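A short write-up of the structure that comes next.
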Amino acid sequence: MNIRTILAITYCSIGLLSAQDTPAGFGSRDARYSIQSGDVVEVKFRYTPEFNQTATVQPDGFIALEVAGEVRIGGLTVPEATAAVREGAARRLLDPEVNLVLREFVKPHFTVAGEVVKPGMYDLRGSLTVTQAIALAGGFRENAKHSSVALVRRVDDQWAQVKVLDLKRIMKAGGMVEDVNLSAGDMLIVPQSTLGRIDRFVRWGSLAVFGVAALRQF
């Protein structure tokens, strides 16, 4: 199954999104880091240090704390996670003062799938554009469609934004100003042929499954 077929199945399975289904006001992904499974957090209680604890976020997004029990912090920012722990601890402590510190976290990364020499997941270190990411992945294969590269950017827990880029034009002299800077978690999909109509916003769950399938094909 080639990348075009995978994408076609993806968008058919998602269905066309109507205006009322599509979240309004999406732009660049929020720069604040969202806690993920595998991250390690240190939770400190100012007035009750005996409850201080270091915990690893489980695959379901929860951490287990002695004083607060099971608290879901996956997908939250550090301030949001602090508030969630405070709320849980308040069932046993009076006005707890909580400090949550992110000790270990998943490194920022991006994924390149499809018709490139070295498809895979790469660390995102500093500022990196789409054309630089393609070069890092070994460049295009001979049968790659340079003018129809899909940039998939997750914007929240449910939605991803898709932008089709004409890298053939962008890479020409004078076109580099249109090159797009990558964000952590972005996925680039390089097809063998021109992509058909693609909705601007798609549900992340469906797209993520087929994106991973596409990556495994190469």
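The values are calculated or read from the model by the stated rules, or taken from the named source; none is laboratory data. The model shown is predicted, which means the values in this text are computed figures rather than measured ones. Don't worry about glycine lacking a Cβ; one is built from the backbone with ideal geometry, like all the others, and counts go over all protein chains shown. Remember, those area values only see protein heavy atoms, side chains included, never the ligands or the DNA or RNA. Shrake-Rupley method; radii C 1.70, N 1.55, O 1.52, S 1.80 Å.
Here Phe140 meets the list (1) open to solvent by 30 Å² or more (accessible area, probe 1.4 Å); (2) at pLDDT below 90; (3) of a type in the set (Phe, Trp, Tyr) almost entirely, failing just condition (2). The set of residues in the range 124-135 that are surrounded by 17 or more Cβ atoms within 10 Å (Cβ to Cβ) and in a helix (DSSP H, G or I) comprises Val130, Thr131, Ala133, Ile134.
Identify, from the list Gly88, Gly185, the residue that is within 30 Å of Thr56 (Cβ to Cβ), open to solvent by less than 40 Å² (accessible area, probe 1.4 Å), outside any strand (DSSP E or B) and in contact with a Gly (Cβ under 9 Å, 6 or more places away or on another chain). Reasoning before the result, please.
On the way: Gly185 fails: in contact with a Gly (Cβ under 9 Å, 6 or more places away or on another chain).
On inspection, the qualifying residue turns out to be Gly88.
Of the residues screened, Val164 is one that is farther than 19 Å from Gly75 by Cα, in a strand (DSSP E or B) and open to solvent by 40 Å² or more (accessible area, probe 1.4 Å). Going by the conditions given, is Ala113 under 15 Å from Val71 (Cα atoms) and under 22 Å from the mean Cα position of the chain (by Cα)? Against the criterion (under 15 Å from Val71 (Cα atoms) and under 22 Å from the mean Cα position of the chain (by Cα)), Ala113 does not qualify.
Of everything listed in (1) at pLDDT below 95; (2) surrounded by 14 or more Cβ atoms within 10 Å (Cβ to Cβ), the single unmet condition for Asp60 is (2). Taking first residues from the range 107-123 that are at positive phi and partners that are of a type outside the set (Gly, Ala, Ser), the Cβ contacts under 7 Å between residues at least 6 apart in sequence or on separate chains come to Gly114/Ile3; Gly114/Ile189; Gly114/Val190; Gly114/Pro191; Gly114/Phe218; Gly120/Val112.
Residues that are hydrophobic (A, V, I, L, M, F, W, C), modelled with pLDDT of 90 or more and in contact with a His (Cβ under 9 Å, 6 or more places away or on another chain): does the range 101-121 have at least one? Scanning the range 101-121 turns up at least one residue that is hydrophobic (A, V, I, L, M, F, W, C), modelled with pLDDT of 90 or more and in contact with a His (Cβ under 9 Å, 6 or more places away or on another chain).
For beta carbons closer than 7 Å, sequence separation of 6+ or different chains, a first residue in the range 125-153 that is touching a residue at least 60 places away in the same chain (Cβ under 8 Å) and a second that is of a type in the set (S, T, N, Q), the qualifying pairs are Arg153/Gln161; Arg153/Ser183. If the condition is being open to solvent by 40 Å² or more (accessible area, probe 1.4 Å) and not in a strand (DSSP E or B), then the range 91-123 contributes Arg91, Arg92, Leu94, Asp95, Glu97, Phe105, Val106, Lys107, Pro108, Val117, Lys118. When residues in the range 117-153 are screened for being in contact with a Pro (Cβ under 9 Å, 6 or more places away or on another chain) and acidic (Asp, Glu), 1 of them pass. What are the residue pairs meeting all of these: first residue in the range 182-201, first residue within 30 Å of Arg32 (Cα to Cα), second residue of a type in the set (D, E, K, R) and modelled with pLDDT under 85, Cβ atoms under 6 Å, and 6 or more apart or on different chains? Pairs found: Ser183/Arg29; Gly185/Arg154.
Can you name every residue in the range 36-54 that is touching a residue at least 24 places away in the same chain (Cβ under 8 Å) and assigned to a loop (DSSP other than H, G, I, E, B)? Give the derivation first.
Filtering the range 36-54 down to residues touching a residue at least 24 places away in the same chain (Cβ under 8 Å) leaves 36-48, 51, 54.
Once the filter is applied, which keeps residues that are touching a residue at least 24 places away in the same chain (Cβ under 8 Å) and assigned to a loop (DSSP other than H, G, I, E, B), the range 36-54 yields Gln36, Ser37, Gly38, Asp39, Arg46, Tyr47, Thr48.
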